[in-house]
1. Pull up the range 91-109, narrow it to residues that are under 8 Å from the mean Cα position of the chain (by Cα) and of a type in the set (A, V, I, L, M), then point me to the one that is farthest from GLY120 (Cα to Cα).
2. Out of the residues in the range 142-160 that are part of a loop (DSSP other than H, G, I, E, B) and surrounded by fewer than 12 Cβ atoms within 10 Å (Cβ to Cβ), which is farthest from the chain's Cα centre (by Cα)?
3. Taking ASP88 and the conditions (1) within 20 Å of ILE127 (Cα to Cα); (2) of a type in the set (D, E, K, R); (3) surrounded by fewer than 17 Cβ atoms within 10 Å (Cβ to Cβ); (4) under 13 Å from the mean Cα position of the chain (by Cα), which numbered condition does it fall short on, given that it satisfies the others?
4. Go through (1) in contact (Cβ under 8 Å) with a residue 60 or more places away in the chain; (2) under 19 Å from ARG43 (Cα atoms) and name the single condition GLY120 misses.
5. Go through the range 82-133 and report how many residues are of a type in the set (Asp, Glu) and either touching a Ser or Thr at 6+ places or on another chain (Cβ under 8 Å) or part of a loop (DSSP other than H, G, I, E, B) (or both).
6. Would it be correct to say that HIS111 is over 17 Å from ASN19 (Cβ atoms), surrounded by fewer than 16 Cβ atoms within 10 Å (Cβ to Cβ) and not charged (D, E, K, R)?
7. If we only count strands (runs of 3 or more DSSP E) wholly inside the range 1-77, which ones have 1 or more residues that are of a type in the set (Gly, Ala, Ser)?
8. So which pairs qualify, if the first residue must be in the range 19-45 and surrounded by 23 or more Cβ atoms within 10 Å (Cβ to Cβ), the second must be of a type in the set (Lys, Arg), the Cβ gap must be under 6 Å, and the two must be at least 6 apart or on different chains?
Amino acid sequence: MASIFKAYDIRGLYPEEINEDIAYEIGRAFVDYLGCKTVVIGRDMRTSSPAMFEKLSAGITQQGADIYDVDMSTTDMFYFAVEHLGADAGIMITASHNPGQYNGLKLVRAHAIPIGGESGIKDIEKIYQAKNFKSSDRQGQIFIKTGILDAYVKFIHSLV
């Protein structure tokens, strides 16, 4: 089976190649790698995205990071939210242009700087495969962030 860890994201057929359990462990590996304290999570309209969110969130909070949940959003709005909320990192649950039977994760650092194959995805994959996650004495929390759409629209209007 081909790796779900691609050059610019993590994606595969749902649930055969990527699923909730994999999302949970990727969430843990992501926090271990970055050492982040706050993570924005957005998701697209795919039917598998809400379940992926639940387990991804569980992995992230188990590692001690807090989540800023921006709910369903476009990828551009997600990037905006990472910067607007001052988060350390972010994960967008989406398989982008791929058909509905796929799902995946786009990973970013602070300021919505993408994490790709040469800038961290390979390292996250190694942590994920080793399954030797750091333990945290802090349980992260989930904060629902409303108003992101309004802030995003206001930002876009400021550009024209």
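1. It comes out as ILE93.
2. Here the answer is VAL160.
3. (3)
4. (2)
5. Total meeting the criteria: 2.
6. Numbers: over 17 Å from ASN19 (Cβ atoms): yes; surrounded by fewer than 16 Cβ atoms within 10 Å (Cβ to Cβ): yes; not charged (D, E, K, R): yes.
In short, yes.
7. Details: elements: 10-13, 38-43, 66-72.
Once the strands (runs of 3 or more DSSP E) in the range 1-77 are filtered for at least 1 residues that are of a type in the set (Gly, Ala, Ser), what remains is 10-13, 38-43.
8. Matching pairs, first to second residue: ALA23/LYS55.
Each value in this text was obtained by applying a stated rule to the coordinates, not by laboratory testing. Owing to the predicted nature of the structure, the values given are computational and were not obtained by experimental measurement. Quick reminder, even Gly has a Cβ in these numbers, built from the backbone with ideal geometry, and neighbours come from all protein chains shown.
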